[in-house]
Structure formats: structure tokens, C-alpha cells
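The values are calculated or read from the model by the stated rules, or taken from the named source; none is laboratory data. The structure presented is a predicted model; accordingly, all values stated were derived computationally and were not measured. Note that we place each Cβ from the backbone using ideal geometry, even for glycine, and neighbour counts take in every protein chain shown. Areas reflect the complete protein model, heavy atoms only, side chains present, ligands, DNA and RNA absent. Shrake-Rupley method; radii C 1.70, N 1.55, O 1.52, S 1.80 Å.
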Amino acid sequence: SLEKRHKFWETQPVGQFKDIGDTSLPEGPIEPPTPLSEVKQDPYNLPNLYEWINCDISSEEMCSEVYSLLANNYVEDDENMFRFNYSKEFLRWALQPPGYFRSWHIGVRVKSSKKLVAFITGIPAKIRVRDEVVNMAEINFLCVHKKLRSKRLAPVMIKEVTRRVHLENIWQAAYTAGVVLPTPIASCQYWHRSLNPKKLIDVGFSRLGARMTMSRTIKLYKLPESTVTPGFRKMEIHDVPAVTRLLRNYLSQFVVAPDFDENDVEHWLLPEENVVDSYLVESSETHEVTDFCSFYTLPSTILGNQNYSTLKAAYSFYNVSTKTPLLQLMNDALIVAKRRDYDVFNALDLMQNESFLKELKFGPGDGKLHYYLYNYRVRQALKPSQLGLVLL
Ligand SMILES: CCCCCCCCCCCCCC(=O)CSCCNC(=O)CCNC(=O)[C@H](O)C(C)(C)COP(=O)(O)OP(=O)(O)OC[C@H]1O[C@@H](n2cnc3c(N)ncnc32)[C@H](O)[C@@H]1OP(=O)(O)O
Ligand SMILES: CN(C)Cc1n[nH]c2ccc(-c3ccc(F)cc3OCCn3ccnc3)cc12
């Protein structure tokens, strides 16, 4: 858009607003790699009082410091009623996938007090864009303490993680944000399915529908006690090869998607209590794995409510249906989430999610999640249904 100046982002190898619609620009890397000897060897300068620190997320103490910084200063919804409350076990899962670099878990702390005041992370990921599998960094958890906002610290954090990623000979990145920056490759709407409507209305997450009573609303969202699909069960370690085959095949239909191998599937999709849940459908006669669904656990702190402090939310992760209708598979996921006491089940309208959202009584959220690639141009913005990548 013409009026907004992006003084930092205009200096970066990303799609610029002025280039939107210019289909003469080739798809692919915007800048070539730099010879490693020419990559800046030393960290960017921070304001005097602060210093860089590599955050060893496996250290209980450091993980607690990161947890607290995020719990108090990370993403809030537009009405500042909720703030993401990523758990420590979730952060260890999100930041230590196969091949991760501790040097990409970057903190800024006050030299005198050693207080952590800012954070940004990268993890390595193979991302396919059309027919190209590109080694990328997935950037996440960018956070500056509320007291240090609007001091242009974020651009320094971004340049420092970029420098450290370059040192590993990686030149592209993927990231998402609720804010519009130069320039989204896709924008997804998020949707919410009430599981505990009474609590959601009490905390102001939802409002009672017009001409609706509370008892009528509870009845509207009621779910069966047990799942309906024969052979529906939790994923186990021995399922990794079959799930990898099923998922790789399914994701091949999307323009942008992760290129998961068996090690990735074991890390990202094997169930871990309070972090990620995965279920599959095994045919009773052929023992073939025909379908798969998964969701991750990301609570939000409820800001300023006397009766409740936490919203327990499940987020749709990767789902594959080849035999069981996706509608039925996702309804079973809702049933499991309800039984496990989640308050709400969230989903983006990417992949084939559009096909079940309305029918399973999801309501549209109040914003969008924008997807970005760094140093990789995509000719024209993708539809959500062309996107097969879920970032945490
Ligand atoms: C090859 C490898 C490449 C790796 C790197 C790839 C790129 C990775 C990019 C990172 C991906 C992260 C993904 C991710 O973590 C998921 S999105 C969640 C980001 N975090 C939050 O929203 C937490 C709460 N907010 C904050 O902590 C601060 O407001 C932050 C730190 C967000 C900005 O701190 P601040 O004190 O409010 O602002 P200044 O320091 O004064 O800086 C202002 C500049 O920052 C630009 N800005 C604002 N929000 C941004 C955002 N979410 N992404 C990118 N840029 C963002 C803004 O446009 C402006 O630049 P401009 O003047 O050009 O417009
Ligand atoms: C993805 N990952 C990078 C975290 C992240 N950053 N910025 C965001 C903006 C929206 C969503 C999001 C994604 C899916 C979804 F179903 C609901 C969402 O937000 C609801 C509004 N909200 C924000 C905070 N608490 C509640 C995530 C994120």
C-alpha cells in the first residue's frame, strides 16, 4: 500500500509492494548466495546496555526464562484479551527438530541484570515451492519486551538471525505474522470451533448468538462421547513409515509444503502429551493406514477475567484423508479434543480445511495469518488452498 513506509523491509530481499502484479519478475531467489567468507562474521551491534545470548532451550533455567518472556510479552489478539502461552515442553518441541542449531535460538539480555528482554528463533526446514525443495529457516518467536517496543530492536534481531542462518549456507526463510508486511505469499483466515461454549462466552471469546439461550448454544456445539470411524487410533512409533508415505503423497498437491522425511514425521507428529496429538485410521482387513489427523496444544492466557486464567486451545496441524471423508475425520478430532477438555479447536482455511469448517460449526476468527518467504519470490499470491505449511 502506498502510504505505509517500511523503512526496514524496503531494504530486504522480499517481495516489495511496488512490485505486486509485475509478473515479469522471475519466481525464485531474489538475491544469490554470498560467499561464506563475505558473510559478516561478528554479531550486529546492540544498544550499549544489551548483549546477545544463545539460549540453550534444553537448560531448565533458560527455558523458563524464555517461557516467561513469551508468556508476558508475546502475541495478543487484536482486542488484547488473550496472549499466547506456549508451554516449556512445547518450546522444546518447536525449537529442537532434527538438525536444529542452538545458535539460531537468539536472546538479548540486559548486561547488568542478565534479564532476558528479547528473543528470535530459527529452525532448519526443507520447504518445497512448486518443484523446488529449498533449504530454509523457519523464523518464529520474535519477541521484544513490552517496555522496549518501538526502538527499532526488531530489525536488529532479524538481521542477526539472518546473519547466523547465512553462516550455515541457507539463504531463504519462511515465517508467518498477524501483521501485513512486504509481501504476503498467502493470507489465511483463522476459524474457531467452540467445544466449551459456556466458558468461551464467559471470557468474552464468543458472544451468545442472537435469539440464542445458553442452553441452546451448549446443545448446538454438543459432540458424541466417542469417535465414529472404525480403526481410529492414536499414532505410535511403528506408524512413522506409513504416516510419512501418506503425508508426503498428500502434501505433494500443494504449491508450498514441507518436505518431511521419517525423522521429521517422528519429531513433528508422534504424540507428545500436552504438545501434539496425532490419530490415524488403520483398515482392519488390510492394516493399511488410510487417513491421519493431528492438532497441537497452545493455550492462551486470558487477560483480566476473574473466573478463568487460561483458554485451552487445540490447533489443527496436518490432516490427510484418502478413505474416511475429511468431514468425518475432523469431527472425530473434535470429539477427541472435547474429551480431552479443550475449550476451542482452531483451524486455518489452508489445505482442504475450507471443505469442513462451516459444516463442523467453526466460526470465522477476527483476523488473518499472513505467510511470507524471505529471499524467494512467488509470481502471484497463492490461494489458501494451495498452501500446505503450518507454522507454530
Ligand atoms: C535467510 C534467513 C532469513 C531469516 C529472517 C527472515 C525474516 C524474519 C522476520 C521476522 C518474522 C517473525 C515471525 C514471528 O515471530 C511470528 S509473528 C509474531 C511476532 N511477535 C509478536 O507479535 C510479539 C509481540 N510483539 C513484539 O514483541 C514486537 O512488537 C515485535 C518484536 C514484533 C516488533 O518490535 P517493535 O518494538 O514493535 O518494533 P521495532 O523494533 O521498532 O521495529 C519495527 C519494524 O519491525 C517490523 N515488524 C513488526 N512486527 C513484525 C513481525 N511480526 N515480523 C517481522 N517484522 C515486524 C515493522 O514492520 C517495522 O519495520 P518497517 O519499518 O520496515 O515496517
Ligand atoms: C503462527 N505463529 C507464528 C503464531 C502467531 N503469531 N501471530 C499470530 C496471529 C494469529 C495466529 C492464529 C493462528 C491460527 C488461529 F486459529 C488463531 C490465531 O490467532 C488467533 C488470535 N490470537 C492471537 C493471539 N491470541 C489469539 C497465530 C499467530
**Q.** Failed criterion for F82 (all others in (1) open to solvent by 30 Å² or more (accessible area, probe 1.4 Å); (2) over 23 Å from A174 (Cα atoms) hold)
**A.** (1)
**Q.** Test result for L69, of a type outside the set (K, R) and either away from ligand 2 (no atom under 16 Å from the Cβ) or at pLDDT below 95 (or both)
**A.** no
Q.
Would you confirm, using the coordinates I've provided, whether A337 is under 30 Å from Y67 (Cβ atoms), within 14 Å of ligand 2 (Cβ to nearest atom), in a helix (DSSP H, G or I) and not β-branched (V, I, T)?
A. yes
Q) Inside region 18-66, can you point out the residues that are away from ligand 2 (no atom under 16 Å from the Cβ), closer than 30 Å to T310 by Cα and open to solvent by less than 50 Å² (accessible area, probe 1.4 Å)? A) C55, D56, I57, S59, M62, C63, S64
Q: State which residue pairs qualify: first residue basic (K, R) and inside region 237-260, second residue crowded, with 19+ Cβ neighbours inside 10 Å in any location, beta carbons under 9 Å apart, and separation of 6 or more residues or different chains.
A: R245/V289; R248/F260; R248/V265
Q) Does region 298-314 include one or more residues that are charged (D, E, K, R), surrounded by 21 or more Cβ atoms within 10 Å (Cβ to Cβ), at pLDDT 95 or above and out of contact with any Cys (no Cβ under 7 Å at 6 or more places or on another chain)? A) no
Q: Considering each of Y308, Y372, Y279 in turn, give the residue that is within 13 Å of ligand 2 (Cβ to nearest atom), out of contact with any His (no Cβ under 6 Å at 6 or more places or on another chain) and either within 30 Å of L25 (Cα to Cα) or not aliphatic (A, V, I, L, M) (or both).
A: Y372
Q. Looking at F119, is it buried (at least 21 other Cβ atoms within 10 Å of the Cβ) and not in a strand (DSSP E or B)?
A. no
Q: List every residue pair whose Cβ atoms lie under 6 Å apart, where the two residues are 6 or more positions apart in sequence or sit on different chains, the first residue falls within region 182-195 and is on the phi < 0 side of the Ramachandran plot, and the second residue, located anywhere, is part of a strand (DSSP E or B) and away from ligand 2 (no atom under 14 Å from the Cβ).
A: I185/L373
**Q.** Residues of region 201-244 that turn out to be closer than 25 Å to D332 by Cβ, touching a strand residue (DSSP E or B) at 6+ places or on another chain (Cβ under 8 Å) and among the hydrophobic types (A, V, I, L, M, F, W, C), as a count
**A.** 5
Q: Please work out if V336 is in contact with a His (Cβ under 6 Å, 6 or more places away or on another chain) and touching a residue at least 24 places away in the same chain (Cβ under 8 Å).
A: no
Q.
Given the condition under 19 Å from Y374 (Cβ atoms), out of contact with any Ser or Thr (no Cβ under 9 Å at 6 or more places or on another chain), open to solvent by 60 Å² or more (accessible area, probe 1.4 Å) and free of Cβ contacts under 8 Å to residues at least 60 places away in the same chain, answer yes or no: does some residue in region 100-109 qualify?
A. yes
Q | Selection count where residues are within 23 Å of the chain's Cα centre (by Cα) and polar (S, T, N, Q), scope region 316-344 | A | 4
Q: State all residues of region 359-392 that are more than 16 Å from ligand 1 (Cβ to nearest atom), open to solvent by 10 Å² or more (accessible area, probe 1.4 Å), outside any helix (DSSP H, G or I) and within 26 Å of A94 (Cβ to Cβ); if no residue qualifies, say none.
A: F362, L382
Q: Count, please, the residues in region 304-333 that happen to be in contact (Cβ under 8 Å) with a residue 60 or more places away in the chain and among the polar types (S, T, N, Q).
A: 8
Q. Do you know which residues across region 151-208 are more than 12 Å from ligand 1 (Cβ to nearest atom) and in a helix (DSSP H, G or I)?
A. P197, K198, K199, L200, I201, D202
Q | Residues of region 129-180 satisfying the condition of being within 16 Å of ligand 2 (Cβ to nearest atom), open to solvent by 30 Å² or more (accessible area, probe 1.4 Å) and out of contact with any Gly (no Cβ under 9 Å at 6 or more places or on another chain) | A | L142, K146, R149, A154, T176, V179, V180
Q.
Only one of F345, F356 is modelled with pLDDT of 95 or more, part of a strand (DSSP E or B) and either within 14 Å of ligand 2 (Cβ to nearest atom) or open to solvent by less than 20 Å² (accessible area, probe 1.4 Å) (or both). Can you tell me which?
A. F345
Q: Find all pairs meeting these conditions: Cβ atoms under 7 angstrom apart; at least six residues apart or on different chains; first residue within region 1-21 and basic (K, R); second residue open to solvent by 70 Å² or more (accessible area, probe 1.4 Å) and assigned to a loop (DSSP other than H, G, I, E, B).
A: none
